[in-house]
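So the structure is just underneath, and the comments pick up after that.
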Amino acid sequence: MKVPIDAMLPYASLQESLPALLGCLRLVAPMRLWMVGRLAGNSWTVIQADDTQNRVRAGDSFPWPDTLCIRVLEHYGCCFAEDAAANPVLAEAPVRTAIPIGAYIGYPMLSWRGELLGTICGIHPEPMPPFTAAQRQLVKTISRTINTLVAHSFKLDDQRSAPARVRPPASIDHLTGLPNHHGWQVLLEEEETALKQEGADALAMMVELNEPENSADGAGSVDWDNTLNRVAHVLKDHVREQDGLARVGPARFAVLLRGVNAQQGAQAAEKIRQALADAGIRAGIGHAMRLASGSLSNAVRIADIRMYNAKLGAAGVPGAPGDGGRSGS
């Protein structure tokens with residue numbers, strides 16, 4: 001049977017790959033609950049969970065000192081405990097009074113510098129039969145793969161939030177406070193490199209305001225400046241901290257949404273389109289996906305063309321496509 005091409009494409013993000021990898025761990029060691037959790041201060045927060053009873057979900061947080069993981073790391077590193085009650089280190093863990101834990105597997109997640117990022121763990125309410133050597137090796141290999149992806153993702157996040165990424169004044173649009181065209185070009189170059197390393201997709205979007213019907217309300221007027229700031233605020237409300245946003249022309253804005261697939265990108269674009277319409281802002285919008293376009297710069301060019309076509313279509317120009325990228329990515 002022929003495998004659909006979509007099933008062979010790289011995962012778009014860490015969040016998309018983790019459920020598949022936890023599913024593999026479940027096939028190897030059928031625990032009731034498999035989790036990936038990040039350590040921050042005294043809290044251990046679930047990044048992704050595969051729970052057959054759907055009780056634990058991403059975002060749930062547990063006190064780190066109460067967990068089995070902290071005891072495992074202090075004594076074993078990686079741990080396979082088919083009978084947690086028979087293990088003197090695990091038996092007295094406070095978390096066992098809140099959650100029935102008969103069997104436990106724990107694997108540490110480390111950064112490239114050896115710092116503890118969190119853990120991968122499997123929990124089952126009853127004791128389990130002894131794990132075979134093959135099971136142990138597969139669990140370790142899959143867990144180390146998850147660790148690699150998480151560490152790489154966190155490393156890229158740190159690079160994006162580092163002070164070195166603060167744009168100098170020459171790269172900032174003074175009216176909106178957003179990066180200007182030069183800042184946008186620098187951002188695209190940096191993001192293209194990071195996305196290639198991560199193997200992730202991204203959406204590029206171009207937004208251009210329609211000129212006001214009254215020329216006195218155009219560029220340089222107080223009303224026009226207010227409109228530009230309103231657009232900037234609407235766009236800021238619809239992008240995440242890791243995304244990119246810039247004012248790249250007198251009436252033009254650019255948006256970069258990281259780690260989204262084509263469906264998520266189309267949904268995000270439609271939300272922005274609707275938010276601008278609800279705010280009474282008339283604009284042309286076009287978007288395109290990085291992987292489908294070949295590169296971020298190509299995606300920006302395609303998004304720009306679709307934005308222009310959308311404006312022509314809205315103006316009633318005969319033969320002009322007006323979907324702004326709705327029908328393709």
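Inside the range 86-130, can you point out the residues that are basic (Lys, Arg) and part of a loop (DSSP other than H, G, I, E, B)?
Taking the range 86-130 and keeping what is basic (Lys, Arg), we get 96, 113.
Arg113 - this is the single residue of the range 86-130 that is basic (Lys, Arg) and part of a loop (DSSP other than H, G, I, E, B).
If you go through the range 81-98 one residue at a time, how many are modelled with pLDDT of 85 or more and open to solvent by less than 30 Å² (accessible area, probe 1.4 Å)?
So the first thing to find is which residues in the range 81-98 are modelled with pLDDT of 85 or more, and the list is 81-87.
Next, from what is left, pick out any that are open to solvent by less than 30 Å² (accessible area, probe 1.4 Å): 81, 84, 87.
Residues in the range 81-98 being modelled with pLDDT of 85 or more and open to solvent by less than 30 Å² (accessible area, probe 1.4 Å): 3 in total.
Yes or no: Ile120 open to solvent by less than 30 Å² (accessible area, probe 1.4 Å), touching a helix residue (DSSP H, G or I) at 6+ places or on another chain (Cβ under 8 Å) and within 30 Å of Ala194 (Cβ to Cβ)? I'd like the intermediate steps shown before the answer.
Values: open to solvent by less than 30 Å² (accessible area, probe 1.4 Å): yes; touching a helix residue (DSSP H, G or I) at 6+ places or on another chain (Cβ under 8 Å): yes; within 30 Å of Ala194 (Cβ to Cβ): yes.
Against the criterion (open to solvent by less than 30 Å² (accessible area, probe 1.4 Å), touching a helix residue (DSSP H, G or I) at 6+ places or on another chain (Cβ under 8 Å) and within 30 Å of Ala194 (Cβ to Cβ)), Ile120 qualifies.
Considering the range 24-47 alone, what residues qualify as being at pLDDT 95 or above and within 22 Å of the chain's Cα centre (by Cα)?
Cys24, Trp34, Met35, Val36
For the list (1) surrounded by 17 or more Cβ atoms within 10 Å (Cβ to Cβ); (2) among the basic types (Lys, Arg); (3) within 23 Å of Asp173 (Cβ to Cβ), I need the number of the one condition that Arg290 fails.
If we test Arg290 against (1) surrounded by 17 or more Cβ atoms within 10 Å (Cβ to Cβ); (2) among the basic types (Lys, Arg); (3) within 23 Å of Asp173 (Cβ to Cβ), just (3) comes out false.
What residue, of Gly106, Gly102, is out of contact with any Leu (no Cβ under 9 Å at 6 or more places or on another chain) and crowded, with 17+ Cβ neighbours inside 10 Å? Full working, then the answer.
Details: Gly106 fails: out of contact with any Leu (no Cβ under 9 Å at 6 or more places or on another chain).
Being out of contact with any Leu (no Cβ under 9 Å at 6 or more places or on another chain) and crowded, with 17+ Cβ neighbours inside 10 Å holds for just one of Gly106, Gly102, which is Gly102.
Is at least one residue of the range 33-53 open to solvent by 50 Å² or more (accessible area, probe 1.4 Å), farther than 28 Å from Gln263 by Cβ and part of a helix (DSSP H, G or I)? I'd like the intermediate steps shown before the answer.
Going residue by residue through the range 33-53, those that are open to solvent by 50 Å² or more (accessible area, probe 1.4 Å) are 38, 40-42, 52-53.
Imposing the further condition that a residue be farther than 28 Å from Gln263 by Cβ reduces the set to 40-42, 53.
Filter once more, so that each one left must be part of a helix (DSSP H, G or I): none.
The answer is no; no qualifying residue exists.
Hey, among Arg301, Arg306, which residue is crowded, with 22+ Cβ neighbours inside 10 Å, closer than 30 Å to Gln197 by Cα, of a type outside the set (Gly, Ala, Ser) and modelled with pLDDT of 75 or more?
Exactly one residue qualifies, and that residue is Arg306.
Which condition does Met206 not pass, out of (1) of a type outside the set (S, T, N, Q); (2) assigned to a helix (DSSP H, G or I); (3) in contact with a strand residue (DSSP E or B) (Cβ under 6 Å, 6 or more places away or on another chain), if it passes all the others?
With (1) of a type outside the set (S, T, N, Q); (2) assigned to a helix (DSSP H, G or I); (3) in contact with a strand residue (DSSP E or B) (Cβ under 6 Å, 6 or more places away or on another chain) applied to Met206, the lone miss is (2).
Got a number for residues in the range 216-275 being assigned to a strand (DSSP E or B) and without any contact (Cβ under 8 Å) to a residue 60 or more places away in the chain? Give the derivation first.
We begin by selecting, within the range 216-275, every residue assigned to a strand (DSSP E or B); these are 244-247, 252-258.
Among the residues that remain, those that are also without any contact (Cβ under 8 Å) to a residue 60 or more places away in the chain are: 252, 255, 257.
Here the count works out to 3.
Restricting attention to the range 276-287, and to residues there that are part of a helix (DSSP H, G or I) and not acidic (Asp, Glu), which single residue is most open to solvent (accessible area, probe 1.4 Å)?
The first filter runs over the range 276-287 and keeps only residues part of a helix (DSSP H, G or I), leaving 276-278.
After this cut, where a residue has to be not acidic (Asp, Glu) as well, the list is 276-277.
On the way: Leu276: 4, Ala277: 61 Å².
Per the stated criteria, the residue is Ala277.
Looking at (1) assigned to a helix (DSSP H, G or I); (2) under 28 Å from Gly199 (Cα atoms), which one does Pro65 not meet, given that it meets all the others?
In the conditions (1) assigned to a helix (DSSP H, G or I); (2) under 28 Å from Gly199 (Cα atoms), Pro65 misses (2) alone.
Please list, ordered by first then second residue, the pairs with beta carbon atoms under 7 Å, 6 or more apart or interchain, first in the range 57-76 and modelled with pLDDT under 80, second open to solvent by less than 60 Å² (accessible area, probe 1.4 Å) and part of a loop (DSSP other than H, G, I, E, B).
If the second residue must be open to solvent by less than 60 Å² (accessible area, probe 1.4 Å) and part of a loop (DSSP other than H, G, I, E, B), the pairs left are Arg71/Ala93.
Could you say which residue among Ala194, Ala204 is modelled with pLDDT of 75 or more, over 26 Å from Ser111 (Cα atoms) and touching a helix residue (DSSP H, G or I) at 6+ places or on another chain (Cβ under 7 Å)?
On the way: Ala194 fails: over 26 Å from Ser111 (Cα atoms).
So the residue among Ala194, Ala204 that is modelled with pLDDT of 75 or more, over 26 Å from Ser111 (Cα atoms) and touching a helix residue (DSSP H, G or I) at 6+ places or on another chain (Cβ under 7 Å) is Ala204.
The values are calculated or read from the model by the stated rules, or taken from the named source; none is laboratory data. What you see is a predicted model, and the numbers here were worked out from it, not measured in a lab. Here the Cβ is made from the backbone with ideal geometry for all residues, glycine too, and neighbour counts use every protein chain on show. Heavy atoms of the whole protein, side chains included, go into the accessibility calculation; ligands, DNA and RNA do not. Shrake-Rupley method; radii C 1.70, N 1.55, O 1.52, S 1.80 Å.
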